[in-house]
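K.L.:
Let me begin by handing over the structure; questions about it come next.
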Amino acid sequence: MRYGFFDDSKCEYVIIRPDTPLPWINYLGNEAFFGLISNTAGGYVFYRDARLRRLTRYRYNNVPLDTGGRYLYIRDDGSSGKDAPAGDYWSPSWQPTRHALENYACRHGLGYTVIGSTYGGIEAQTRYFVPLGEDLEIWQLTVTNHRDRPARLSVFSCVEFCLWDAWDDATNFQRNFNLGEVEVDASDDSRGVIYHKTEYRERRNHFAFFACSEPLAGFDTQRDAFLGPYAGWDSPEAVVRGRSSGSLVHGWAPIGSHHVRLALEPGETRQILFLLGYHENPDGQKFDPPGSQQINKHTVGPVLDRYLDAENVDAAFAALRAYWDDLREVLQVETPDVHTNRMVNIWNAYQCMVTFNMSRSASYFESGIGRGMGFRDSNQDLLGFVHMIPERARERILDLAATQLESGGAYHQYQPLTKRGNDAVGSGFNDDPHWLILAVAAYLKETGNWGILDERVPYDNRPGSEQPLYEHLQRSLRYTLDRLGPHGLPLIGRADWNDCLNLNTFSSTPGESFQTAVTKEGKTAESVFIAGLFVLAAKEMAAIARWRGLQQEAEGYEAQARTMEEAVHQHGWDGDWFLRAYDDRGQKIGSHECVEGKIFIEPQGICILAGIGVGSGADGGPANAERALASVDQHLATAHGIVLHQPAYTRYYLNLGEISSYPPGYKENAGIFCHTNPWIMIAEAISGHGDQAHNYYLRINPSAREEIGDVHRCEPYVYAQMIAGRDAPTHGEAKNSWLTGTAAWNYVAISQWILGMRPTFGGLQIAPVVPQDWPGFKATRIYRGVTYHISVERVGVGNAVALCVDGRAIESNVIPAPPKEQKTVLVQVALGRAGG
Ligand code: GLC
Ligand code: GLC
């Protein structure tokens, strides 16, 4: 069943009933100010850091589902007839009052959300967005009277403020219940502004504001005064009564609520603007008058003036649309498959930008207090957005590299506000450093800006430790070579990509973190996955060194890659697939010899990506890559995607750790961990299997799963981290949408490997491996400042290509850069061999 539909021409997903299986959310904001917004206006906003600078409160996992948000109430104040009895009230976004609405629609677009409905002849629609470059969110409410008589209405707004540090806010009540402070400026009869200024009196120089474009009939800032004792958000006393109480908070729970009265003639429409924002004052200018305890509002005044003006708001919205159009323009495709087009052109690209902004820090599943920016995660995210915002990718690379340690290892996470490595989690995830090499390689292939390698970057943010970025990459490889185990394979440390394969932990204490409570020194447990990743990274380093003219160094990396590849062939191959690991006793994991967990997806994907076992087999039979892929198909593939391993672990294994803590079929215990699926799609493409690659692509493509919304349950426009595996009773159910490496890797798999438009160090390569029955496809790709119009036409079977560039046939499949003045290039691609 469906809960809505795609409106591709507007780049929107339209939800037409509010009671989706889970809140279906969207993200607002691009740079510093962000909001999460659900299809019923739930969610919260923050400045830069979801933990340390949270503006509004949100209670995760609450009942009713999705409680807390940007709430609006409309109340019928009039006496007029049957449409809605006087005193009746409702929320145009359904929550929190949950009245039955007519024409409910939530349109999630790129960086904005519009929620509207009609109730008792009153139509109300709100557009929510964050203007580019500003630290505020706009709610643009439009109310229309469709009755045949005048309507007298009250509009109430409400947000609940968070006392900045979301963790402290949710736990430290002995202090927090005494802190809350606000100022209200309703003196100006043209608008009303509520300022939340808790702790402004002492060490903070920032405050939140909640402004309204209309003269206020009243306001509230004390939660209990607005709601009344023991009442919930669905029936606030102020709304029931039709009058705010003008409460000024002292301690307890600060809120912001405006009360505006509206008189609408039949057919009349009015607009009300609300602004929810963040502002900092320079240290010496916090108070006005100086020496007082009142906020100096002169600095924020111009911002309010600007956005309490409807024309400016419309212009800001148009600018936001244009911004996204520009980003999307970098790659647009037209293939025979609607799900491919929609995801590549709109939603997958969008999700990549959101994961760029958030990493794994804030969603409805990540509370925004525990995890900052992951080193491994953020480097992989970069693969999906570098072409859209290369400048910011560059900045991200340098931030990440600055949290690398002198050993070449890395802090596993850093906090976005401070950009400092997170000590509580520390380092020792032995795959981490290699992802930096892949990210830098992707940046170089996209931009050709080799200068980044000479940027001086500190280790662990320590002043004086700066070295060229290139040296950071060198140390990344060295880190693994310094940590090899008994089979010459890399030691796994706390975990590799699979956070839950904890081979050195041996945890029997409830509640202990599997990742940080490492008990063994870890001189035995080895990872075949890291071996594959090392080979991939070493080959990239060899290519980078060669481009820089460092011939000898390049050969050195190639030799290291060969040695590691040899170790994988000798000790990492199980006969029909790649092994996963060796445990602390040197026993195999992911082998046919195991009772459970005989075969894992990760090494099949990453080893083939690294070119291990690709080509023809030594015995003339199928190469290892082919055999591994056949094994994946046979043992791991399901209709809902490819599971992580089989058989699932049915009990807890002390020597394996968290992976066996999940019930079978969920998360890392044989769930369909979507992040890994594109590795297999890429491996299939590398092996020339276009049909199989695209078939796997469609299995987890959210748009292709829209029809099974009741099974899938998460948003049909973005990928989720996990879909329950075949061992789970809820096989096919997705969880943890939005913030996942799945976004970037699927984007890479479909655009670079299946559609085959692949940036290389030397230029744009065209090597599609698409389904046999596709007659072809078209694409536009902006690459290094040149727009390539690419048209692929199938002329026969297979994946051979012949390129014609501006009418001239070329030998290679890498398009040569055109002369400087030329900004557009036409590329015709003949795919396959006629009669072949
Ligand atoms: C989560 C983590 C990621 C990890 C994956 C597998 O998605 O963010 O870093 O690789 O789980 O455990
Ligand atoms: C849990 C999750 C895993 C995630 C990790 C992050 O172990 O299962 O997916 O990567 O937490 O710390």
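The values are calculated or read from the model by the stated rules, or taken from the named source; none is laboratory data. This one's a predicted model, so the numbers in the text were calculated from it and none came from an experiment. Cβ sites come from the backbone with ideal geometry, for glycine too, and all protein chains shown count toward neighbours. The accessibility values were calculated without ligands, DNA or RNA, using every heavy atom of the protein model including side chains. Shrake-Rupley method; radii C 1.70, N 1.55, O 1.52, S 1.80 Å.
K.L.:
Which percent of the accessible area of segment 27-124 is formed by carbon and sulfur heavy atoms (probe 1.4 angstrom)?
P.N.:
Numbers: 1330 of 2840 Å².
On segment 27-124, the fraction of accessible area on carbon and sulfur atoms equals 47 percent.
K.L.:
Which value, in debye to the nearest 20, describes the size of the charge dipole of the chain about its Cα centre when Lys and Arg Cβ atoms bear +1, Asp and Glu Cβ atoms bear -1, and nothing else is charged? The partial results should precede the final answer.
P.N.:
Working: 77 positive and 100 negative charges, 12 e Å.
Magnitude of the dipole: close to 60 debye.
K.L.:
For segment 127-236, which whole percent of the accessible surface, found with a 1.4 angstrom probe, sits on carbon and sulfur atoms?
P.N.:
Values: 1870 of 4030 Å².
Carbon and sulfur atoms account for 46 percent of the accessible area of segment 127-236.
K.L.:
Under a Cβ-Cβ cut-off of 9 Å, what is the net charge of the residues other than Q772 that fall near it, where Lys and Arg count +1 and Asp and Glu count -1?
P.N.:
Details: positive: R794; negative: D691, D773.
That sum, taken over residues with Cβ under 9 Å, equals -1.
K.L.:
At 1.4 Å probe size, with the rest of the protein present, what percent of the exposed accessible area of segment 444-569 is carbon and sulfur atoms?
P.N.:
Details: 2390 of 5020 Å².
Solvent-exposed carbon and sulfur of segment 444-569 make up 48 percent of the total.
K.L.:
Then there is this: Report, in deg cm²/dmol and to the nearest 500, the calculated mean residue ellipticity at 222 nm for the chain, where each DSSP H run with n ≥ 4 adds -39500 (n - 2.57) and the sum is divided by the residue count. Show your work: numbers first, answer last.
P.N.:
Details: 20 runs with 205 residues, N = 836.
Dividing the helical sum by the residues of the chain leaves -7500 deg cm²/dmol.
K.L.:
Okay, next question. Could you tell me the convex hull volume per residue, in Å³, taken over the Cα atoms of segment 695-803?
P.N.:
On the way: hull volume 15.4 nm³, N = 109.
Spelled out: Cα convex hull of segment 695-803, divided by residues, is 142 Å³.
K.L.:
Enumerate the lysines that K523 could reach by cross-link, defined here as Cα to Cα under 18 Å, with residues fewer than 8 away along the same chain left out.
P.N.:
The qualifying lysines are K588.
K.L.:
Given 5 Å bins starting at zero, what is the percent of C-alpha pairs of segment 82-194 in each, up to the one with the largest pair distance?
P.N.:
Once binned at 5 Å, the Cα pair distances of segment 82-194 give 2, 8, 14, 16, 15, 17, 13, 9, 4, 1, 0.
K.L.:
Also: Return the loop-located GluC sites (Glu not before Pro) in segment 370-418 (DSSP other than H, G, I, E, B) with at most 14 other Cβ atoms within 10 Å of their own Cβ; answer none if there are none. Before the final figure, lay out each step's value.
P.N.:
Values: sites: E391, E395, E406; in loops: E406.
Those satisfying the criteria are E406.
K.L.:
On to the next question. Could you name the lysines in cross-link range of K823, using Cα to Cα under 25 Å and dropping any fewer than eight places away on the same chain?
P.N.:
Result set, ordered by chain and number: K445, K778.
K.L.:
Arranged from highest to lowest average of other beta-carbon atoms within 10 Å per residue, in what order do the peptides 702-709, 146-153, 813-820 appear?
P.N.:
Numbers: 702-709: 19.6, 146-153: 16.6, 813-820: 14.6.
Averaged packing, sorted descending, gives the order 702-709, 146-153, 813-820.
K.L.:
Can you grab the distance from the C-alpha centre of segment 443-472 to the C-alpha centre of segment 361-407, Å, no decimals?
P.N.:
15 Å
K.L.:
Show me the chymotrypsin sites (Phe, Trp or Tyr not before Pro) within segment 180-285 that DSSP assigns to loop and that have at most 12 other Cβ atoms within 10 Å of their Cβ.
P.N.:
Details: sites: Y195, Y200, F207, F209, F210, F219, F226, Y230, W233, W252, F274, Y278; in loops: Y200, Y230, W233, W252.
Of the chymotrypsin sites (Phe, Trp or Tyr not before Pro), the ones in loops of segment 180-285 whose Cβ has at most 12 other Cβ atoms within 10 Å are Y230.
K.L.:
Taking all protein chains together and a probe of 1.4 Å, list D727, D165 from the most accessible to the least accessible.
P.N.:
On the way: D727 65, D165 30 Å².
Ranked from most to least accessible, the order is D727, D165.
K.L.:
At 1.4 Å probe radius, can you tell me the per residue accessible area of the chain in Å²? Please report the intermediate quantities before stating the final value.
P.N.:
Values: 29350 Å² over 836 residues.
With the other protein chains kept in place, the chain gives 35 Å² per residue.
K.L.:
Counting other Cβ atoms within 10 Å, keep those with at most 16, restrict to DSSP loop, and tell me which GluC sites (Glu not before Pro) in segment 288-353 are left. Could you put the intermediate results ahead of the total?
P.N.:
Values: sites: E311, E329, E334; in loops: none.
Passing sites in segment 288-353 do not exist.
K.L.:
Given the Cα-Cα distance of R152 and R562 and 0.36 nm per residue of separation, how much length would full extension add, in nm?
P.N.:
Numbers: separation 410, 0.36 × 410 = 147.60 nm, distance 7.83 nm.
Computed gain between R152 and R562 is 139.8 nm.
K.L.:
Right, another one. Report, in degrees rounded to the nearest 10, the 0 to 90 angle that the Cα long axis of helix 432-447 makes with the longest principal axis of the chain.
P.N.:
Roughly 80 degrees between the two axes.
K.L.:
I need the shape label for segment 160-312. Rule: rounded when a/c is under 1.5, else prolate if a/b > b/c, else oblate, with a, b, c from the alpha carbon gyration tensor. The partial results should precede the final answer.
P.N.:
Details: a/c = 2.15, a/b = 1.18, b/c = 1.82.
Verdict is oblate for segment 160-312.
K.L.:
Within 11 Å, Cβ to Cβ, of S157, how many net charges do the neighbouring residues add up to if Lys/Arg are +1 and Asp/Glu are -1? Display every interim value, and only then the final one.
P.N.:
Working: positive: R70; negative: E214, D220.
Charge balance near S157 sits at -1.
K.L.:
Please give the helix 551-571 orientation as an angle from the longest Cα principal axis of the chain, in degrees from 0 to 90, rounded to the nearest 10.
P.N.:
Helix 551-571 sits at roughly 80 degrees to that axis.
K.L.:
Using the alpha-carbon atoms, what tilt in degrees (0 to 90, nearest 10) does helix 690-700 show relative to the longest principal axis of the chain?
P.N.:
30 degrees
K.L.:
Sticking with this structure for a sec: What does the accessible area of V114 come to, in Å² to the nearest 10, when a probe of 1.4 Å is used?
P.N.:
We get 20 Å² for V114.
K.L.:
I've got another one for you. Using the structure shown, list the pairs from K197/K286; K419/K667; K667/K735 with a Cα-Cα distance above 18 Å, or answer none. Each step should come with its number before you reach the end.
P.N.:
Details: K197/K286 11 Å; K419/K667 29 Å; K667/K735 9 Å.
The answer is K419/K667.
K.L.:
From largest to smallest, what semi-axes in whole angstrom does the chain give when each is the square root of 5 times an eigenvalue of its alpha carbon gyration tensor? Spell out each step's value before the answer.
P.N.:
Numbers: eigenvalues 476, 180, 140 Å².
Gyration-tensor ellipsoid for the chain: 49, 30, 26 Å.
K.L.:
Can I ask one more? Using 0.36 nm per residue, how much length does the chain from D806 to A630 gain when fully extended, once their Cα-Cα distance is taken away? Working shown, then result.
P.N.:
Numbers: separation 176, 0.36 × 176 = 63.36 nm, distance 4.05 nm.
Going from the current span to full extension adds 59.3 nm.
K.L.:
For segment 441-587, rounded, prolate or oblate, judged on the Cα gyration tensor with a ≥ b ≥ c (square roots of eigenvalues), a/c < 1.5 rounded, else prolate if a/b > b/c? All intermediate terms of the calculation are to be shown ahead of the outcome.
P.N.:
Numbers: a/c = 2.49, a/b = 1.43, b/c = 1.74.
Oblate.
K.L.:
On to the next question. Only Cα pairs under 8 Å and at least 6 apart count here; give the relative contact order of segment 668-815 as a rounded whole percent.
P.N.:
Values: 248 pairs, mean separation 29.9, N = 148.
RCO, segment 668-815: 20 percent.
K.L.:
While we're here: Compute, for T780, the solvent-accessible surface of its heavy atoms (probe 1.4 Å) with the complete set of protein chains present, and express it in square angstrom to the nearest 10.
P.N.:
About 40 Å², ignoring ligands and nucleic acids.
K.L.:
What number, in nm² with one decimal, is the all-direction average of the projected area of the convex hull of the alpha-carbon atoms of segment 534-610?
P.N.:
On the way: hull surface 22.1 nm².
Computed as one quarter of the Cα hull surface, the answer is 5.5 nm².
K.L.:
Here is a further query. Summing +1 for each Lys or Arg and -1 for each Asp or Glu, what net charge is found among the other residues whose Cβ lies under 9 Å from the Cβ of F356? Mind showing how you got there, number by number?
P.N.:
Numbers: positive: R392, R396; negative: D381.
Here the count lands on +1.
K.L.:
Let me ask something additional. How high is the relative contact order of the chain? Use alpha-carbon pairs under 8 Å, at least six apart in sequence, and give a whole percent. Please report the intermediate quantities before stating the final value.
P.N.:
Values: 1995 pairs, mean separation 73.8, N = 836.
Over the chain, the number comes to 9 percent.
K.L.:
Classify segment 618-736: rounded, prolate or oblate, from the alpha-carbon gyration tensor (a ≥ b ≥ c, eigenvalue square roots; a/c under 1.5 rounded; otherwise prolate if a/b is larger than b/c)? Write out the running numbers ahead of the final one.
P.N.:
Working: a/c = 2.47, a/b = 1.17, b/c = 2.12.
Note, shape of segment 618-736 comes out oblate.
K.L.:
Listed highest first by mean packing, meaning other Cβ atoms within 10 Å per residue, what order do 546-554, 737-745, 358-366, 570-578 come in?
P.N.:
Details: 546-554: 13.4, 737-745: 27.8, 358-366: 23.2, 570-578: 20.8.
Highest-to-lowest ranking by the protection proxy: 737-745, 358-366, 570-578, 546-554.
K.L.:
Evaluate 2.2 N^0.38 Å with N set to the residue count of segment 490-534, then give the Cα radius of gyration divided by it.
P.N.:
Taking the Cα Rg and dividing by 2.2 N^0.38 Å, one obtains 1.14.
K.L.:
Right, another one. Highest first, please rank the peptides 95-107, 424-436 by the mean number of other Cβ atoms sitting within 10 Å of their residues. Don't jump to the answer; show the numbers that get you there.
P.N.:
Working: 95-107: 18.2, 424-436: 24.2.
The most tightly packed comes first, giving 424-436, 95-107.
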